[in-house]
Each structure stands twice: as structure tokens, then as C-alpha cells.
Amino acid sequence: MNQAENTLAADAMERRRAVGLLARALGDELDAAWQGLENKPDAKPVRGPETGLVMVRGRIGGDGAPFNLGEATVTRATVLLASGTAGHGQALGTNKKAVQLAAIFDALWQEAGTRDYVEKVLLGPIETRIALEDEKKAEETAATRVDFFTMVRGED
């Protein structure tokens, strides 16, 4: 890969991280970041927000034959800022306002002038919250762990 391809790949990974964090953002987190934004952009809705269903697929053991597990409710939205930057938001559930704000923050993240704000005020705290939730879940799981061992009888 040449330098340009490496840069594009790195940008795609960073965007994937940002969109993933926005999808896991709570409505309160998005609303607080929106209220704290001094210069709120004009965002024209392109699609949605709209709610629908997606099929969730699973695999037995992680590598077995795929099967349809069930359906999940998902909401998505696409917005276009006055600058021409498009933002996309999606999340499990039906919170249309949160998904629309996620789409706006995705577009703002793509713009150099507002990326730092989105990173510091929104994505950083979301990342911290998720890490703390994962740590708590791991501790709760570890507390229920049972270690089995075999006792050797004294007889041969």
C-alpha cells in the first residue's frame, strides 16, 4: 500500500470508530453536546429519521452455520449540513431525536473545524462510559466464576 492508501484506510478506521460510538451514545449525552454547541449548524434531513427492522444472524460456536436469530428495531437518519457534508446516524431502538443528533455529529466530526469539539465533548466521554460499563460487567462476571479442580485420592 502506498501513502495515500494508508491515509484513506486510517481515516476509514477513525470514521468507523466515531460512527460506532455515536450509535452507542445515550440520548442525554447527545442532547447535552448539542446544547453546548455554540454555533449550531443548519442540518437538512435527507433521509429519516425512520425506524425499521433488521435481521440479526447468529452462528453456533461462532463458526458454525449461520441462522436467523430474530429481528431488532433500528432507527437511521441522514442529514446534509449547509457546508455540504453528509452525516449518517443509526442506533438500536426508536429514539429518532437521538439518531438525528448522531447524524449531525457525524457530519460535524468530518469537518476539521468541529472535529475536536465532537471528540472532546461527546466521543471521549462515550468511550469512557463504555469502558467503565465493560469493566463493571467483567467484574460481575468474574465474581460468579467457579474454578473446578480435581482432587487426587490417596489410593493408586
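The values are calculated or read from the model by the stated rules, or taken from the named source; none is laboratory data. This structure is a prediction, so every number in the text was calculated from the model and none was measured. Don't worry about glycine lacking a Cβ; one is built from the backbone with ideal geometry, like all the others, and counts go over all protein chains shown.
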Failed item in (1) more than 29 Å from ASP42 (Cβ to Cβ); (2) touching a residue at least 24 places away in the same chain (Cβ under 8 Å); (3) among the small types (Gly, Ala, Ser), with ALA65 passing the rest
(2)
Flagged pairs (Cβ under 7 angstrom, 6 or more apart or on separate chains; first in segment 123-146, within 30 Å of ALA103 (Cβ to Cβ); second of a type in the set (A, V, I, L, M, F, W, C)) are LEU123/ALA18; LEU123/LEU21; ILE126/LEU21; ILE126/ALA25; GLU127/LEU21
Is one or more of the residues making up segment 103-112 surrounded by fewer than 13 Cβ atoms within 10 Å (Cβ to Cβ), at pLDDT below 95, more than 22 Å from ARG24 (Cβ to Cβ) and out of contact with any strand residue (DSSP E or B) (no Cβ under 6 Å at 6 or more places or on another chain)?
yes
If I go through segment 50-102 residue by residue, how many of them are surrounded by 11 or more Cβ atoms within 10 Å (Cβ to Cβ) and of a type in the set (Asp, Glu)?
2
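Kindly indicate which of ALA25, ALA18 is in a helix (DSSP H, G or I) and either under 12 Å from PHE105 (Cα atoms) or among the basic types (Lys, Arg) (or both). Spell out the reasoning first.
Numbers: ALA25 fails: in a helix (DSSP H, G or I).
Step by step, each of ALA25, ALA18 is checked, and only ALA18 is in a helix (DSSP H, G or I) and either under 12 Å from PHE105 (Cα atoms) or among the basic types (Lys, Arg) (or both).
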